[in-house]
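Q: Before we start, here is the structure in question, set down as structure tokens.
The values are calculated or read from the model by the stated rules, or taken from the named source; none is laboratory data. As the structure is a computational prediction, the values presented were derived from the model and not from experiment. All Cβ positions, even for glycine, are placed from backbone atoms using ideal geometry, and neighbour counts span all protein chains on display. Protein only, heavy atoms only, side chains kept; ligands, DNA and RNA dropped before computing areas. Shrake-Rupley method; radii C 1.70, N 1.55, O 1.52, S 1.80 Å.
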Amino acid sequence: MRAVGFRVNGGVEVLETLDLPDPVPTAGQVTVRVAFAGVNFAEIQHRRGEFGTPEGPGGVDVPGLEVAGTVAALGAGVSGLEVGEPIAAYLPAFGGYSEVVAADTRFVRSLRTGAGEADLTEAAGLPCVFPTAFGVLKDAGRLRKGEDVLIHSAAGGVGSAAAQLARGLGAARGRAD
């Protein structure tokens, strides 16, 4: 399986194409054939070394916090998903810049809806930024219906998600700076 990763921290020049073994799902996991991977600032921080030196198998780390694709295999005890099903997944331990990745089913969501299937290209950008934005608005910000909200840096992933979610959560007025 091909992946993009790094062996040492640094700039984009440390990224390299890797040939890694296909992951095998353990209990409570699925493997995902990745169609699209989200790109977040956290991947830049990861590569630069802000989360430490590469500690993956063989001293290689593969960035990628969120992906969209199809279920390739089911681990023991997995129910509610099937091989070939379109999904989006959050990968807290990274690994999404690969052809296939193992994902904990607690962080996997089916893209099948009552109206068909959600678009994989859009779904790849949802699993990390939207829950982060929701948590900031509801938990940290304690946003209540009818309140005004000011969102700084709404041009980034989390900020633009927060701007979209704020209205849905009942914000009276929103202003994005």
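Q: Which residues among the stretch 52-69 fall inside the zone where the amide N is under 13 Å from a point 7 Å beyond the Cα of Ala35, along Cα→Cβ?
A: Counting only backbone N, you get 67-69.
Q: Heavy-atom accessible area per residue, the stretch 54-177, 1.4 Å probe: how many Å²?
A: On the way: 6540 Å² over 124 residues.
On a per-residue basis, 53 Å².
Q: Output the relative contact order of the chain, whole-number percent, from Cα pairs under 8 angstrom with separation of 6+ residues.
A: Working: 386 pairs, mean separation 36.3, N = 177.
Dividing the mean separation by the residue count of the chain yields 20 percent.
Q: Placing +1 at every Lys and Arg Cβ and -1 at every Asp and Glu Cβ, with all other atoms neutral, what dipole size does the chain have around its Cα centre, in debye to the nearest 20? All intermediate terms of the calculation are to be shown ahead of the outcome.
A: Details: 15 positive and 20 negative charges, 152 e Å.
The calculation lands at about 740 debye.
Q: Here's something else I'd like to know. Mind giving me the FRET efficiency for Arg142 and Arg167? R0 is 22 Å, r the Cβ-Cβ distance, nearest 0.05 is fine.
A: Numbers: r = 17 Å, r/R0 = 0.77.
Between Arg142 and Arg167 the formula returns 0.85.
Q: Please give the length that would be gained between Arg106 and Val12 if that part of the chain were fully extended, namely 0.36 nm times their separation in residues minus their C-alpha to C-alpha distance (nm, one decimal). Don't skip to the answer; put the middle values down first.
A: Values: separation 94, 0.36 × 94 = 33.84 nm, distance 3.13 nm.
Value of the extension gain: 30.7 nm.
Q: Here's a follow-up. For a quick protection proxy, order the peptides 87-95, 144-152 by their average other-Cβ count within 10 Å, most packed first.
A: Values: 87-95: 21.7, 144-152: 13.2.
For the peptides 87-95, 144-152, the packing ranking is 87-95, 144-152.
Q: Here's a follow-up. With unit charges on the beta carbons (Lys and Arg positive, Asp and Glu negative) and the dipole taken about the Cα centre of the chain, which residue among Gly156, Val12, Gly84 sits farthest to the positive side?
A: Gly156
Q: Using per-residue counts of other Cβ atoms within 10 Å, averaged over each peptide, order 155-161, 45-51, 7-13 from highest down. Could the numbers behind the result be given before it?
A: On the way: 155-161: 17.3, 45-51: 15.0, 7-13: 11.6.
So the peptides 155-161, 45-51, 7-13, ranked by packing, come out 155-161, 45-51, 7-13.
Q: In µm²/s, what is D for the stretch 25-81 at 4 °C and 1.567 mPa s, where D = kT/(6 pi eta Rh) by Stokes-Einstein and Rh is the Kirkwood radius from Cα pairs?
A: On the way: Rh = 13.1 Å.
For the chosen part, D equals 99 µm²/s.
Q: For the stretch 69-135, report the translational diffusion coefficient in µm²/s to the nearest whole number, using Stokes-Einstein at 37 °C, 0.692 mPa s, and a Kirkwood Rh over Cα pairs. Mind dumping the intermediate values first?
A: Numbers: Rh = 12.7 Å.
Rounded, D is 259 µm²/s.
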